[in-house]
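> Shown below is the structure under consideration.
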Amino acid sequence: AKYVYDFTEGNRNLKDLLGGKGANLAEMTNLGLPVPHGFTITTEACRHYLAEGSVPSGLDREVAQQLTALETKMGRKLGQADDPLLVSVRSGAKFSMPGMMETVLNIGLNDESVHGLAKQSGGNDRFAWDSYRRLIQMFGKTVLDIDGDLFERALDDLKGRRQDTDLDSGELQQLVETYKGIVREQTGKDFPADPREQMRLAVMAVFDSWNAPRAILYRRQERIPADLGTAVNIMAMVFGNYGNDSGTGVAFTRDPGSGQQGIYGDYLQNAQGEDVVAGIRNTIPLQDLEHLDKPSYDQLVGIMETLENHYRDLCDIEFTIERGKLWMLQTRVGKRTPAAAFCIATQLVDQGLITMDEAVTRVTGDQLAQLMFPRFDGGAEKKKIAKGMNASPGAAVGKAVFSSERAVELAEQGEDVILVRRETNPDDLAGMIAAKGILTSRGGKTSHAAVVARGMGKTCVCGAEELEVLTAERRFVAPGGVTVSEGEVISIDGTTGEVFLGEVPVVDSAVVEYFEGVTEPEDDLVKAVDRIMSHADAARRLGVRANADTPEDAARARRFGAQGIGLCRTEHMFLGERRQLVEDLVLASTDDERQTALDALEPLQKSDFIGIFQAMDGAPVTIRLIDPPLHEFLPDIVDLSVKAATGEATDKDRKLLSAVKRLHEQNPMLGLRGVRLGLVIPGLFDMQVRAIAQAAAEVPGARPEIMIPLVAAVQELESVREEAVRILASTGVEALVGTMIEVPRAALTAGQIAEAAEFFSFGTNDLTQMAWGFSRDDVEAAFFSRYLDLGIFGVSPFETIDREGVGRLIEIAVREGRAARPDLHLGICGEHGGDPDSVHFCHEVGLDYVSCSPFRIPVARLEAGRAAL
Ligand code: ADP
Ligand code: MG
Ligand code: MG
């Protein structure tokens, strides 16, 4: 393999091999921009080094050849005593990991060449010694692993209150001696004087920095694969620390915050490398460079325009001016805020640089989701008391409450509340719904609180471990003894994970108001979102439906663009005052008693369905017959037992207790639920189907689809279906009858099941649990973070469809289902339906629609459009 590429040999498409920095340096070189000469060692060499512990054979020879070629071009040799060539050794991975890895400048200086550098710069001794001390400092820290503070402190001691530029050459020379002493003391060896040795060691240090702890952390956060490795760029030095006619800066071709066009950047005179971002001295706005060095400024502005037109996107750049000569040191398509991403994409369309198709691919569902959450006012004063995980973005303010009941109570009185729990469980659901935000002291991004909150689009900070939550005492204690009791106001930022004392002002999301139809697209951002969403809608092949159980959710889903309901759960229709009826149903000892209970439930169910059909206004509504085990609707076994023990139990309580005991399951997830209930409790499913049919008959245009959950064998489905079809026929209502595919056996026998199903909906929550054999509620806290650490999966399979396992089951079911019934309608209704990556998967395997929570619908629409482009 070829391991080293001259800048003239690469181009921007070679990011895998040359890293982003190397590929773009090559691109700029080939555009004829002023880039110092240099070459790039490939990521492949790095991967080899990291795997084998040594560089690949042939690398040293290739590097030597390229170095010789560079020396020839430059007319001097690396570290040459009377006129040294100096180089930088720079990291640069495929995906930019700003500041995460290492770079060493001024390689090639030693006790002799420092004099050569001074002489060649016309006796600028100060500059030569400044460059040398920078080398030892950077090399010492990054290559020799010496604590950087040691150097910083020595520098501070010398400068006192002065700035670094106030140090004269004698002082800098003295600093070099001090630094060399630090190296000797810390490593037991002298600073390596041999320029080639310096370069070789620096290259390996850059390779190693791929696995620095902060780089690992950053990759995990950004979901960058761990095995890519970094390239290394070796580049002739140019000097911004020459004097006041020199300097270094960073710039954006437009505002990365808003997307507005203009000149954005910072410049620092007489400085090198990271000085600008490190904040050692105050930088000046880039515009002011015009007054310092007009020719360089004009040239820079011209180059920025060239780069924007060439990359057809916002670019960020690093540049240096050496004695009035401009050099380009780096460019890349720049990071930006979600708002800027939308604005820039449409601006570029208007400038004729990209098409609308491209504009849609330039933004992501995650960015759109960010724009939909309310935010804290950036300028407001805040008192931060803790930081947890940013589990579900947004900004929420309210009174702290410590139980679900209290949350509901206060919310009903019109108060905004934040539900604070150690961790949440399904019992807290009502409180979570009532609360403005959720704060937990335990659990990660896949904890119950986090998953549920994200699904509801509710702000959540979880795992704020510094907080001691004392539920019984209705208060929590933050570091420093700050105590917050029930009723005191706190603010939580789900985008950053921060927790604040008191009320921080919140601003609404204009984007949600637009989706809600409250505002016409007025401001630039909303206009941009509007254009991109319309285009994505026109492009997508996937339909988008909502998971909605109530008329209110259904109506919101419609406003957000849902084309139907993909999952209407019926279990909430058995709660509240209706529990009584469910109890009667379970306790029924004769057919008559059972029928009485069912007859009482039927009209209630019917009215629920009428509301939803009306809200959906002729769009299809997939209704899932009751799924969870019936005993979930009965009172708590402990409460009943206590009553029985203290003699307070009524006759009915005792009956209930025995029913609860009888129905108790070791493993309810795999117990009497779904279709099994329908087969075991006579009349239950019939009642539901009748309620659906009667409701549909009363709402013109209603389009019900009846969905049977948890089917594993076609025989289960057949008998339920027969009954359903009979009831439908008797009422004259037309409805599809289909099933969820959520048990692996169903996926594997999809060909048979399709004989009895007009549609499939993949229930990927259960399918994931059953394919992996672990229960979501139990594993996330127990071992998921360990699994993520070990790389067993890169992201929780409950968040993004596990393509290799669960995805394969889906593929099989799609293929065999369609083979048996070509017009089989296919959708997904698990949590995954609103996850960007999973939406792409659904597009690829040919599903007809995805269904997700109302708040995720715009995200799914956008990602479905992106998947099709
Ligand atoms: P990062 O990836 O962290 O931005 P870089 O490799 O870009 O690190 O380098 C750090 C700093 O050093 C940047 O400001 C860059 O412009 C500067 N730099 C790198 N190589 C040279 C060089 N050959 N001459 C002058 N400055 C350089
Ligand atoms: Mg850089
Ligand atoms: Mg299920």
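> If a residue has to be of a type in the set (Gly, Ala, Ser), surrounded by 20 or more Cβ atoms within 10 Å (Cβ to Cβ) and touching a Lys or Arg at 6+ places or on another chain (Cβ under 8 Å) to count, how many in the stretch 558-604 make the cut? Full working, then the answer.
In the first step, residues of the stretch 558-604 are kept if they are of a type in the set (Gly, Ala, Ser); the result is 561-562, 564, 566, 576, 588-589, 597, 600.
If we keep only those that are surrounded by 20 or more Cβ atoms within 10 Å (Cβ to Cβ) too, we end up with 562, 564, 566, 597.
Narrowing further to those that are touching a Lys or Arg at 6+ places or on another chain (Cβ under 8 Å): 562, 564, 566.
Qualifying residue count, the stretch 558-604: 3.
> Another question, if that's okay. Within the stretch 65-88, how many residues are part of a strand (DSSP E or B), aliphatic (A, V, I, L, M) and either in contact with a Ser or Thr (Cβ under 7 Å, 6 or more places away or on another chain) or not assigned by TED's automatic domain parsing to the domain that holds residue 230 (or both)?
Narrowing the stretch 65-88 to residues part of a strand (DSSP E or B): 78, 85, 87-88.
Of the ones still in play, those that are also aliphatic (A, V, I, L, M) are 78, 85, 87.
Those left that are additionally either in contact with a Ser or Thr (Cβ under 7 Å, 6 or more places away or on another chain) or not assigned by TED's automatic domain parsing to the domain that holds residue 230 (or both): none.
The number of residues fulfilling the criteria is 0.
> Residues in the stretch 765-780: is at least one without any contact (Cβ under 8 Å) to a residue 12 or more places away in the chain, within 21 Å of residue 392 (Cα to Cα) and away from ligand 2 (no atom under 16 Å from the Cβ)? Can you show your working first?
Taking the stretch 765-780 and keeping what is without any contact (Cβ under 8 Å) to a residue 12 or more places away in the chain, we get 773-774, 778-779.
Those left that are additionally within 21 Å of residue 392 (Cα to Cα): 778-779.
Right, trim to away from ligand 2 (no atom under 16 Å from the Cβ) and you get 778-779.
So far as the stretch 765-780 goes, yes, one or more of its residues are without any contact (Cβ under 8 Å) to a residue 12 or more places away in the chain, within 21 Å of residue 392 (Cα to Cα) and away from ligand 2 (no atom under 16 Å from the Cβ).
> Follow-up question, since we're still on this one. Are any residues in the stretch 695-712 in a helix (DSSP H, G or I) and either surrounded by 18 or more Cβ atoms within 10 Å (Cβ to Cβ) or within 16 Å of ligand 1 (Cβ to nearest atom) (or both), and if so, which ones? First the steps, then the outcome.
To start, the set of residues in the stretch 695-712 that are in a helix (DSSP H, G or I) comprises 695-698.
Correct list: 695, 696.
Yes/no per residue for (1) on the phi < 0 side of the Ramachandran plot; (2) in contact with a strand residue (DSSP E or B) (Cβ under 6 Å, 6 or more places away or on another chain); (3) not assigned by TED's automatic domain parsing to the domain that holds residue 209:
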| residue | (1), (2), (3) |
| --- | --- |
| 17 | yes, no, no |
| 23 | yes, no, no |
| 32 | no, no, no |
| 43 | yes, yes, no |
| 46 | yes, yes, no |
| 57 | yes, no, no |
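> Just to confirm my filter: which helices (runs of 4 or more DSSP H) fall fully inside the stretch 151-268 and include at least 2 residues that are within 42 Å of the chain's Cα centre (by Cα) and of a type in the set (Asp, Glu)? Steps first, answer last, please.
Working: elements: 169-187, 195-209, 213-222.
Counting at least 2 such residues, we get 195-209.
> Also: Within the stretch 692-705, is even one residue under 28 Å from residue 770 (Cα atoms) and touching a helix residue (DSSP H, G or I) at 6+ places or on another chain (Cβ under 8 Å)? Step through it out loud before you land on a result.
Taking the stretch 692-705 and keeping what is under 28 Å from residue 770 (Cα atoms), we get 705.
When the remaining residues are screened for being touching a helix residue (DSSP H, G or I) at 6+ places or on another chain (Cβ under 8 Å), the result is none.
No: zero hits.
Rundown of residues vs (1) within 16 Å of ligand 2 (Cβ to nearest atom); (2) crowded, with 19+ Cβ neighbours inside 10 Å; (3) of a type in the set (Lys, Arg); (4) under 30 Å from residue 587 (Cα atoms), yes/no style:
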{"site": "675", "(1), (2), (3), (4)": "no, yes, no, yes"}
{"site": "714", "(1), (2), (3), (4)": "no, yes, no, no"}
{"site": "718", "(1), (2), (3), (4)": "no, no, no, yes"}
{"site": "734", "(1), (2), (3), (4)": "no, no, no, no"}
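> When you look at residue 298, is it modelled with pLDDT of 95 or more, acidic (Asp, Glu) and surrounded by fewer than 16 Cβ atoms within 10 Å (Cβ to Cβ), yes or no? Break it down stepwise before answering.
Details: modelled with pLDDT of 95 or more: yes; acidic (Asp, Glu): yes; surrounded by fewer than 16 Cβ atoms within 10 Å (Cβ to Cβ): yes.
When the stated conditions are applied, residue 298 passes them.
> Say whether the condition of being more than 16 Å from ligand 3 (Cβ to nearest atom), surrounded by fewer than 20 Cβ atoms within 10 Å (Cβ to Cβ) and more than 27 Å from residue 166 (Cβ to Cβ) is met by at least one residue in the stretch 83-95.
If we filter the stretch 83-95 for residues that are more than 16 Å from ligand 3 (Cβ to nearest atom), which is where we start, we get 83-95.
Filter once more, so that each one left must be surrounded by fewer than 20 Cβ atoms within 10 Å (Cβ to Cβ): 83, 95.
So of that shortlist, the ones also more than 27 Å from residue 166 (Cβ to Cβ) come out as 83, 95.
Yes: one or more hits.
> Right, something else. Looking at (1) at pLDDT below 95; (2) within 26 Å of residue 39 (Cα to Cα), find the lone condition where residue 278 falls short.
Against the list (1) at pLDDT below 95; (2) within 26 Å of residue 39 (Cα to Cα), residue 278 comes up short only on (2).
> So which of 303, 321 is within 16 Å of ligand 1 (Cβ to nearest atom), assigned to a helix (DSSP H, G or I) and within 21 Å of residue 268 (Cα to Cα)? So that I can check it myself, show each step before the final result.
Working: 321 fails: assigned to a helix (DSSP H, G or I).
One residue alone meets the criteria, 303.
> Restrict the check to the stretch 219-230 and report whether at least one residue is touching a strand residue (DSSP E or B) at 6+ places or on another chain (Cβ under 6 Å), outside the structural domain of residue 325 (by TED's automatic domain parsing), among the hydroxyl-bearing types (Ser, Thr, Tyr) and within 14 Å of ligand 1 (Cβ to nearest atom).
Scanning the stretch 219-230 turns up at least one residue that is touching a strand residue (DSSP E or B) at 6+ places or on another chain (Cβ under 6 Å), outside the structural domain of residue 325 (by TED's automatic domain parsing), among the hydroxyl-bearing types (Ser, Thr, Tyr) and within 14 Å of ligand 1 (Cβ to nearest atom).
> Right, something else. Condition (residue is touching a Ser or Thr at 6+ places or on another chain (Cβ under 7 Å), over 23 Å from residue 202 (Cα atoms) and not small (Gly, Ala, Ser)) applied to the stretch 165-178: is it met by at least one residue? I'd like the intermediate steps shown before the answer.
Restricting attention to the stretch 165-178, the residues satisfying the condition of being touching a Ser or Thr at 6+ places or on another chain (Cβ under 7 Å) are none.
Checking the stretch 165-178: not a single residue is touching a Ser or Thr at 6+ places or on another chain (Cβ under 7 Å), over 23 Å from residue 202 (Cα atoms) and not small (Gly, Ala, Ser).
> Determine which member of the set 538, 557 is under 25 Å from residue 615 (Cα atoms), of a type in the set (Gly, Ala, Ser) and in contact with a Pro (Cβ under 9 Å, 6 or more places away or on another chain).
Working: 538 fails: in contact with a Pro (Cβ under 9 Å, 6 or more places away or on another chain).
It is 557.
> Any residue at all in the stretch 107-129 that is outside the structural domain of residue 329 (by TED's automatic domain parsing), on the phi > 0 side of the Ramachandran plot and not in a loop (DSSP other than H, G, I, E, B)? Even if it seems obvious, please write down each step before you answer.
Step one: of the stretch 107-129, the residues outside the structural domain of residue 329 (by TED's automatic domain parsing) are 107-129.
Filter again for on the phi > 0 side of the Ramachandran plot, leaving 108, 122-123.
Next, from what is left, pick out any that are not in a loop (DSSP other than H, G, I, E, B): none.
Among the residues of the stretch 107-129, not one is outside the structural domain of residue 329 (by TED's automatic domain parsing), on the phi > 0 side of the Ramachandran plot and not in a loop (DSSP other than H, G, I, E, B), which makes the answer no.
> Quick check on my filter: what residues within the stretch 1-26 are assigned to a helix (DSSP H, G or I) and basic (Lys, Arg)?
Going residue by residue through the stretch 1-26, those that are assigned to a helix (DSSP H, G or I) are 7-9, 12-26.
12, 15, 21, listed by residue number.
> I'd like the full set of residues that are touching a Gly at 6+ places or on another chain (Cβ under 6 Å) and either not in a helix (DSSP H, G or I) or not assigned by TED's automatic domain parsing to the domain that holds residue 168 (or both), limited to the stretch 133-147. Step through it out loud before you land on a result.
Here is the first cut: in the stretch 133-147, the ones touching a Gly at 6+ places or on another chain (Cβ under 6 Å) are 141, 146.
Matches in the stretch 133-147: 146 only.
> Condition check: farther than 23 Å from residue 844 by Cβ and free of Cβ contacts under 8 Å to residues at least 60 places away in the same chain. Does residue 731 satisfy that? Outline the logic, then answer.
Working: farther than 23 Å from residue 844 by Cβ: yes; free of Cβ contacts under 8 Å to residues at least 60 places away in the same chain: yes.
Yes: the conditions hold for residue 731.
> While we're looking at this one, here's another question. Which residue, of 570, 596, is more than 16 Å from ligand 2 (Cβ to nearest atom), of a type in the set (Ser, Thr, Tyr) and touching a Leu at 6+ places or on another chain (Cβ under 8 Å)?
Details: 596 fails: touching a Leu at 6+ places or on another chain (Cβ under 8 Å).
Result of the check over 570, 596: 570.
> I'd like to know if the stretch 280-294 contains one or more residues that are under 34 Å from the mean Cα position of the chain (by Cα), surrounded by 18 or more Cβ atoms within 10 Å (Cβ to Cβ) and under 15 Å from residue 323 (Cα atoms).
no
> Give me the strands (runs of 3 or more DSSP E) completely within the stretch 376-476, filtered to those with at least 1 residues that are over 27 Å from residue 856 (Cβ atoms) and charged (D, E, K, R), ordered by residue number. First the steps, then the outcome.
Details: elements: 383-387, 389-392, 395-401, 417-421, 437-440, 459-462, 468-470.
So the answer is 383-387, 395-401, 468-470.
> Residues being crowded, with 22+ Cβ neighbours inside 10 Å and either among the hydroxyl-bearing types (Ser, Thr, Tyr) or not assigned by TED's automatic domain parsing to the domain that holds residue 468 (or both): count how many of those fall in the stretch 377-416.
1
> How many of the residues making up the stretch 327-372 are buried (at least 21 other Cβ atoms within 10 Å of the Cβ), of a type in the set (Val, Ile, Thr) and either at pLDDT below 95 or within 22 Å of residue 839 (Cα to Cα) (or both)?
The qualifying residues number 2.
> Filter the stretch 734-772 down to the residues that are away from ligand 3 (no atom under 16 Å from the Cβ), over 19 Å from residue 569 (Cβ atoms) and not polar (S, T, N, Q) and list them by number.
734, 748, 750, 751, 754, 755, 756, 758
> Right, something else. Working carefully through the options 816, 799, find the one that is modelled with pLDDT under 95, charged (D, E, K, R) and in contact with a helix residue (DSSP H, G or I) (Cβ under 9 Å, 6 or more places away or on another chain). Please lay out each step first, then the result.
Details: 816 fails: modelled with pLDDT under 95.
From the options 816, 799, the qualifying one is 799.
The values are calculated or read from the model by the stated rules, or taken from the named source; none is laboratory data. In this text, all values refer to a predicted model and were calculated from it rather than measured experimentally. Don't worry about glycine lacking a Cβ; one is built from the backbone with ideal geometry, like all the others, and counts go over all protein chains shown.
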